[in-house]
1. How many residues, within the stretch 134-164, are free of Cβ contacts under 8 Å to residues at least 40 places away in the same chain and of a type outside the set (Gly, Ala, Ser)?
2. Can residue 326 be described as assigned by TED's automatic domain parsing to the domain that holds residue 360 and more than 19 Å from residue 421 (Cβ to Cβ)?
3. Scan the stretch 226-258 residue by residue and report those that are crowded, with 17+ Cβ neighbours inside 10 Å and part of a helix (DSSP H, G or I).
4. Could you tell me whether any residue of the stretch 276-292 is crowded, with 19+ Cβ neighbours inside 10 Å, touching a Ser or Thr at 6+ places or on another chain (Cβ under 6 Å) and over 14 Å from residue 425 (Cα atoms)?
5. Can you name every residue in the stretch 178-196 that is under 14 Å from residue 222 (Cβ atoms) and in contact (Cβ under 8 Å) with a residue 40 or more places away in the chain?
6. Give the stretch 417-431 a look and list any residue that's in a loop (DSSP other than H, G, I, E, B) and within 19 Å of the chain's Cα centre (by Cα), or say none.
7. What single numbered condition from (1) over 18 Å from residue 249 (Cβ atoms); (2) at pLDDT 95 or above; (3) surrounded by fewer than 24 Cβ atoms within 10 Å (Cβ to Cβ); (4) under 18 Å from the mean Cα position of the chain (by Cα) fails to hold for residue 363?
8. If residue 366 satisfies all but one of (1) out of contact with any Asp or Glu (no Cβ under 7 Å at 6 or more places or on another chain); (2) in a loop (DSSP other than H, G, I, E, B), what's the number of the condition it fails?
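The values are calculated or read from the model by the stated rules, or taken from the named source; none is laboratory data. Quantities reported herein were computed from a predicted structural model and do not represent experimental measurements. Quick reminder, even Gly has a Cβ in these numbers, built from the backbone with ideal geometry, and neighbours come from all protein chains shown.
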Amino acid sequence: MSSFICHQSYPSICSSRHAFPINPTTSTHLGFPNLRQKAQFRSLSPRCLSEITSHIDIDPLDKQKKKSFSMKECAISIALAIGLIVGEPSLSWQREAQAVTPPALPDLAVLISGPPIKDPEALLRYALPIDNKAVREVQKPLEDITDSLKVAGLKALDSVERNIKQASRAYKNGKSLIISGLAESKKEHGIQLLDKLETGMDELQQIVENKDRDGVAPKQKELLRYVGGVEEDMVDGFPYEVPEEYRTMPLLKGRAVVEMKVKVKDNPNLQDCLFRIVLDGYNAPVTAGNFVDLVERRFYDGMEIQRADGFVVQTGDPEGPAEGFIDPSTEKPRTIPLEIMAEGEKVPFYGETLEELGLYKAQTKLPFNAFGTMAMAREEFENNSGSSQIFWLLKESELTPSNANILDGRYAVFGYVTDNQDFLADLKVGDVIESVQIVSGLDNLVNPTYKIAG
């Protein structure tokens, strides 16, 4: 890994808090780090970014060419600062930046045209392949309760009450349309969830009337999970065919829920932590299917956290020379293609980044918006080199602005940590993954290889 030379107007984000290689000869590239590289690193302190900048020598030619720049370039600088790029600063960085920067990022106004969704469960709801306006009109005011609760004290309850009334009206007016949108095979279950949702909204109204501010958020979360369940019951089968060349791979045709238990060392306040992760096979069937298959092989059980630098938490590099999973039935490494689903598309793109496809303004269905976004690592210049190494983004708004970063469309997101995600920041290199277990959705895995002898 290497440092990034940012524009002089942003000295506080020159490093992104990463580890640097002992070998300083590697040239710098624009992009996310080679997360799968087996290298020895020396860590820099994550406490003070200004300390990190003192280790970086900015090329004098680079200084002369950066005396002035536009607001757009400022935005580009902020976005590129998160790159965790490979290699020591060199003149090659400047040439590559000039070649890549103009098409790589659209105008800032396009990237952040509206408030980004950062809640992982909301991202998962909106990523479902459904088109039912009635249920979304119930969902939105229930989600808005989160913003209403940002008001101090009991004053927040006035806004919460308006949210509840809006959701209740939308439910009453759209109930028949919501029911008609349920898949026939799931209709009975969906109606049961709707009954719970209706009762729960009445209970939430009573909580507000009782001035029980602390009771609002837990009930809101419960109601939104009912909504999410109803929306999942609207999906009738898997919505598309995976390209033929990938159809024999393990595929997750739907969603699965995973629990990952990590043994935390050297922290008296946190010893065992259980993370709940939702994997989204609707938008990343190959990537999520590969991971579920490895989980069922117990591939990750007993593996250490291999990187935890304040930017990402990473694991999945097996012991030995291999950088990914070696299938014992073939004795060959298993790699998977880069897989990106964009908004408005019915099938993911394979093998190319959105940038390479010329889709500079496209938004991904599973963006790097949430703390604990889970994605597949790969070689920087080999799009189809993902295997077993995974990472979770420890999102920071200054370095990874939602809807305005260069990770989206370059790396395959396939899930989000939905419970205890804040504890990811407490993990350290050497902490041990005691177990990873599929708690639901295993029946959505097709072509499993873990059942094959060997």
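1. Initial filter on the stretch 134-164 (free of Cβ contacts under 8 Å to residues at least 40 places away in the same chain): 136-137, 140-141, 144, 147-148, 150-152, 155, 158-159, 162-163.
Going one step further and asking which of them are of a type outside the set (Gly, Ala, Ser), we end up with 136-137, 140-141, 144, 147, 150-151, 155, 158, 162-163.
Residues flagged as free of Cβ contacts under 8 Å to residues at least 40 places away in the same chain and of a type outside the set (Gly, Ala, Ser) within the stretch 134-164 amount to 12.
2. So residue 326 fits the description; yes.
3. Hits for the stretch 226-258 are 226, 227, 228, 229, 230, 231, 232, 246.
4. Filtering the stretch 276-292 down to residues crowded, with 19+ Cβ neighbours inside 10 Å leaves 277-292.
Okay, now just the ones that are also touching a Ser or Thr at 6+ places or on another chain (Cβ under 6 Å), so 278.
From what's left, over 14 Å from residue 425 (Cα atoms): 278.
Looking for residues that are crowded, with 19+ Cβ neighbours inside 10 Å, touching a Ser or Thr at 6+ places or on another chain (Cβ under 6 Å) and over 14 Å from residue 425 (Cα atoms), one finds at least one in the stretch 276-292, hence yes.
5. The one that is under 14 Å from residue 222 (Cβ atoms) and in contact (Cβ under 8 Å) with a residue 40 or more places away in the chain: 193.
6. The answer is 420, 427.
7. (2)
8. (1)
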